[in-house]
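Colleague: Pasting in a structure now, in structure tokens, and then I'll have a few things to ask.
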Amino acid sequence: MTEPPTTQGDDAGDPSYEVWPLGTPAERELMLRAYTRGMKKRARDPLERIVELVENMSCRTVVVEHGYYDADFRSENSEYWSTLHKRRPPVALRLHFFRAEISEDDVYRLDREDHGYLGFSVLRPSTLGPVGRTVIAVPRHLRSAHLCSITDRVNVFGAELEVVGVPFCQQDGELLRCAHAAAWTCQYVAHSRGIAPRALTADIAVLPPPEMSPYRGLPSSGLRLEQIQTLFRGLGMPAILYDAKDLPEVPGLKNDEERTQAVLCKYLTSGFPIVILTDDDHAFTLVGWHQGPGGLEFIACDDQVGPYGLVSYNPESSNWSGIMVPVPPKLFLSGEGAEMWAYSSLSIEVEEAGESGVEAAPEAVRIIDGLNACDRPVSVRSHLVLARDYKALLTDRGLDEPAVRLLRLASLPKWVWVVEFQERVERVAGKPCVIAEVVLDSTSNDELPEINATVVQGGAIVTTQVTDRRSPGAPGVPDMCATNTGLWKSIEQLVRPRPRPYVPEPDSPEITVTPSATIR
């Protein structure tokens, strides 16, 4: 017979925590029944998915904090639940998952040794959607995936613990719907990366103007497309909107499936989650991608399913209607605009060389021919990165000293698009693969992108100079140099987006709360 959990608290009727073993199917069912009693299957699914994920990572113990003051749920309670006649507790539960077997005596000293922390999940007192802020460690089968992962730090009875994973939350069916949950995931990632201030779930719920919908704001029936865009704008992350059935052309790609994959992968690899809108009025978030057994698969956080779901895209059977990419507010150049301009600049060089009877740069010829060949030995990969990160990585990527000096001293905007032209075979083998790259100003626009720098195997050129403003006549850095660099590493071969503290800019938009307000 399975033993009930160990409880501890001020008295037996009000435990401050519980310790649940999680080693057998019977123990799993006992714990789930305790926290999903009275719920419909659809509401239970995300929590069951979370437990399945941690079980597959050899979870042996669940420590449950009672009376947890969760900032998100307290904001929800203040905004909505406290106004109802039926009283609900203003506190939540927080579940912590561990690989180690933990006894009651270990709970206060979880930082004394490595217990294999696998993450946490907040449970709201709601039968329609209990799962609140959740971060679960990356599953084993996705360790090599490109994920918009964050590092979250929690305090468990005085012990500081850390988990690396993607954030997730579930709609509650009244204040929060699927579009709110999807937007929260994007915002929490942006906050963890230092791009935006933290927004609580109630902030997200009340930002969309109710005037944009014919339906009542509360209980929420979902958000219209215009409301979602207004929501992201209010969060300081205006979204680039793509029609999923009419995507822009990009060099070297011939069909809708490849174009969709290219659009999604460039933003996901850069650390920006993507909201997918469907024909049946649903919204969910893509948080990564990887090469699965049958080809490229996307990794999704769907509030109706749970974290780390796998999604394949087939344009013939897909019900996707829209793709929304929340980005920094001063990013005006799209990834496709950057790629087309980088490709055009190399094409023009080859054409002009041919017209004047001189030999074009061999790298430019190789790229143009490789992208147009049937087997496409050359591919295009683009990355949206902070300029300081781009400069910091130059040496590790294999560029030689003259190129590193030139590029590090160049004046660049805060965010840049780096368009890499790669040898496909070398990339697949995990070797240095970049033939050439073009760095573009993210604050320029698709009509006339601005190239900041171009690097090829024989040299590097920057189109901006750094001068001493106190001495107007002072010379700047050289604007070009010769290099002996062979192929160099791609940005994606070295890094994942790093967490940073949020530092507001002088003109950063503030989150304003308006009366609350159709994507369900």
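No value in this document is a laboratory result; all are computed from the given coordinates. Since the structure is predicted, the reported quantities are computational estimates derived from the model, not experimental observations. Positions of Cβ are backbone-derived with ideal geometry, glycine not excepted, and every protein chain shown enters the neighbour counts.
Colleague: Multiply the residue gap between GLU351 and ASP246 by 0.36 nm, knock off their C-alpha separation, and tell me the result in nm, one decimal place.
Modeller: Numbers: separation 105, 0.36 × 105 = 37.80 nm, distance 3.00 nm.
Gain on stretching GLU351 to ASP246: 34.8 nm.
Colleague: Go ahead and run the numbers for FRET between SER16 and HIS141, Cβ-Cβ distance against an R0 of 41 Å, rounding to 0.05.
Modeller: Values: r = 36 Å, r/R0 = 0.87.
Between SER16 and HIS141 the formula returns 0.70.
Colleague: Okay, next question. Express in nm, to one decimal, how much length is gained between THR127 and VAL365 on full extension, taking 0.36 nm for each residue of separation and deducting their alpha carbon distance. It would help to have the intermediate numbers written out before the result.
Modeller: Working: separation 238, 0.36 × 238 = 85.68 nm, distance 6.19 nm.
Full extension of this stretch gives 79.5 nm more.
Colleague: For the pair ASN255 and GLU211, what calculated FRET efficiency results from E = 1/(1 + (r/R0)^6), where r is the Cβ-Cβ distance and R0 = 41 Å, to the nearest 0.05? Working shown, then result.
Modeller: Details: r = 41 Å, r/R0 = 0.99.
It comes out at approximately 0.50.
Colleague: Spin-label point model (7 Å from Cα, Cβ direction): what's the SER411 to SER344 distance in nm?
Modeller: 2.5
Colleague: A further question on this structure: Got a sec to turn the phi values of the range 336-341 into Karplus ³J(HN,Hα) couplings, 6.51 cos²θ - 1.76 cosθ + 1.60 with θ = phi - 60°, whole Hz, x for Gly and Pro?
Modeller: Values per residue, Gly and Pro as x: 5, x, 5, 5, 5, 6 Hz.
Colleague: State to the nearest 20 debye the size of the charge dipole of the range 240-326 about its Cα centre, where the only charges are +1 on K and R beta carbons and -1 on D and E beta carbons. If you can, show how the numbers build up before the last one.
Modeller: Details: 4 positive and 13 negative charges, 79 e Å.
Roughly 380 debye, rounded to the nearest 20.
Colleague: Ok, one more. Could you calculate the FRET efficiency of ARG37 with ASN155 from 1/(1 + (r/R0)^6), where r is the beta carbon distance between them and R0 is 30 Å, rounded to 0.05?
Modeller: Numbers: r = 29 Å, r/R0 = 0.96.
It comes out at approximately 0.55.
Colleague: Rounded to the nearest 500, what is the 222 nm mean residue ellipticity of the chain from helices alone, with -39500 (n - 2.57) per DSSP H run of 4+ residues and division by all residues?
Modeller: -8000 deg cm²/dmol
Colleague: Okay, next question. When the chain is fully extended, how far beyond the present Cα-Cα distance does MET57 get from ALA392, taking 0.36 nm per residue of separation? Show your work: numbers first, answer last.
Modeller: Working: separation 335, 0.36 × 335 = 120.60 nm, distance 3.44 nm.
Length gained, MET57 through ALA392: 117.2 nm.
Colleague: Same structure, new question: List the residues of the range 401-425 whose backbone N lies under 15 Å from a point placed 7 Å from the Cα of ASN484 along the Cα-to-Cβ direction.
Modeller: Inside the label zone: 401-404.
Colleague: Students often forget the sequence filter, so: which lysines lie under 25 Å Cα-Cα from LYS266 once same-chain residues fewer than 8 apart are removed?
Modeller: Straight-distance partners of LYS266: LYS245, LYS254, LYS330, LYS391, LYS414, LYS431, LYS489.
Colleague: Pick out, from MET212, GLY116, LEU84, the residue whose Cα sits farthest towards the positive end of the charge dipole of the chain, with +1 on the Cβ of Lys and Arg and -1 on the Cβ of Asp and Glu.
Modeller: Working it through, the farthest residue towards the positive pole turns out to be LEU84.
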